[in-house]
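Report on one structure; see the data block that follows.
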Amino acid sequence: MKAARQTTLRETATVTGIGVHSGLPVTLTIHPADENYGISFVRTGADGAPDREVRANVRSVTATEFATVLGDADGPLCSTAEHVLAALSGLGIDNALVEIDGPEVPIMDGSAAAFVAAIEQAGIVTLASPRRYIQILKPVRVARGDCFGELRPYPRGFRLEIEIAFDNALIGRQNLAFDLTPETFRREVARARTFGFMRDVSKLWSAGYALGATFENTLVVSENRVLNAEGLRFPDEFVRHKALDAVGDLALAGAPLLGAYRSIRGGHKLNHAVLCALMADASAWTYVDAGQIARRQRGQADVAAGMVVPVFGPDVS
């Protein structure tokens, strides 16, 4: 997905629901924003407190247990940001202000479909400034136990290669690979729902998680079947949802990625760790705009921008 110019929404887009972990009602409104603004989240003031705003970038992540939480030095601002971030990134939105009036982005049906519908109803407009990308120049890897994540060079856009493996007869091992475009995002992952295991419900509730989870917003899995009356939307909906989460988590790079992301047994924590490892290695990435990409393609010189790329960069753990 290598569009030439930046985008934003034509009008505001609003959804209302509950938080899957908090169980609290919340309204989320996505506002248009000027070119070069990026993506920010603002929590409207409660009990007379002033509004708080954080930029949607890797430095704003304060927690990754069961969801991606954004905040600042004053503490968490909003939880479960990954699905709306995935919708913005997947549809190619560069600039937006996401306003919420509660502690958590609404879960809706457990997927990004409601956010996609709201954005498309509001409309998408093209701005004057060129889009800026983060181009991966060499592989950056994070390995933790049997979990593995890697970003590597890939000249044709942003590619995801996601593999999951669960000790559950219904899920088992699943794989999904695709190049991210608005069309593939809508078709392949936008409707894939979050999931959880019936055996974990009591433990999650005791820890203060999943207080708003229902059969309407979460795929609930027993040992060998899905308990939701609707059943699965895809035979491999589980890996598709993990890919959806990865799109949202990696949107916190702050600009669209030109590279490939491979994840094995990953989740929010691994996605964040790989992105942190990338940002920490200034030799592994660079900013490029659409004009630079076009010139390289015309000149047939897009072998990592003329650089020699090693097969593997140093391990990061």
| Tell me, how many Å apart are the Cα centres for region 113-170 and for region 225-241? | 21
| remark: Total charge of the residues flanking PHE185 in space, meaning their Cβ is under 14 Å from its Cβ, with Lys and Arg +1 and Asp and Glu -1, is -1
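Let me know the charge dipole size of the chain about its Cα centre in debye, to the nearest 20, where only the beta-carbon of Lys, Arg (+1) and Asp, Glu (-1) is charged. Could you put the intermediate results ahead of the total?
Details: 32 positive and 36 negative charges, 228 e Å.
It comes to approximately 1100 debye.
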| note | Net charge (Lys, Arg +1; Asp, Glu -1) of residues whose beta-carbon lies under 14 Å from that of THR62, THR62 excluded, is -1
| query | In Å², what does the accessible area per residue of region 232-274 work out to with a 1.4 Å probe? | reply | 24
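Below 24 Å Cα-Cα, how many Lys pairs turn up in the chain? Only count pairs eight or more apart in sequence, or on different chains, if you could.
Working: LYS2/LYS138; LYS2/LYS242; LYS138/LYS269; LYS203/LYS242; LYS203/LYS269; LYS242/LYS269.
For the chain, the number of qualifying lysine pairs is 6.
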| request: Might you report the magnitude of the Cβ-based charge dipole of region 49-122 about its Cα centre, with Lys and Arg at +1 and Asp and Glu at -1, to the nearest 20 debye? | output: 180
| note | In whole angstrom, the spacing between the Cα centers of region 12-67 and region 258-272 equals 23
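How large, in percent, is the carbon and sulfur part of the accessible surface of the chain at a probe radius of 1.4 Å?
Numbers: 7310 of 13880 Å².
Carbon-and-sulfur percentage of accessible area, whole number: 53.
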| message | What's the magnitude of the charge dipole for region 226-268 around its Cα centre, counting Lys and Arg as +1 and Asp and Glu as -1 at the beta-carbon? Answer in Debye, nearest 20. | response | 160
| Highest GNM mean-square fluctuation, the chain, Cα pairs closer than 10 Å: which of LEU257, LEU219, LEU170? | LEU170
| said: Loop by DSSP (not H, G, I, E, B), at most 13 other beta-carbon atoms within 10 Å: where is the longest site-free stretch of the chain for trypsin sites (Lys or Arg not before Pro)? | reply: 11-155
| note | Computed over region 1-121, the distribution of all Cα-Cα distances in 10 Å bins, rounded to whole %, is 14, 48, 33, 5, 0
| remark: Rounded to whole Å², per residue accessible area for region 83-128 with a 1.4 Å probe reads 25
| task | Taking the dipole about the Cα centre of the chain, with the C-beta of Lys and Arg at +1 and of Asp and Glu at -1, give me whichever of PHE185, VAL201, ASN228 is farthest to the positive side. | result | PHE185
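The values are calculated or read from the model by the stated rules, or taken from the named source; none is laboratory data. Bear in mind that the values here come from a model prediction, so they are computed numbers and not experimental data. Note that each Cβ is placed from the backbone with ideal geometry, even for glycine, and that neighbours are counted across all protein chains shown. Quick note on the areas: whole protein, heavy atoms, side chains included, nothing else; ligands and nucleic acids left out. Shrake-Rupley method; radii C 1.70, N 1.55, O 1.52, S 1.80 Å.
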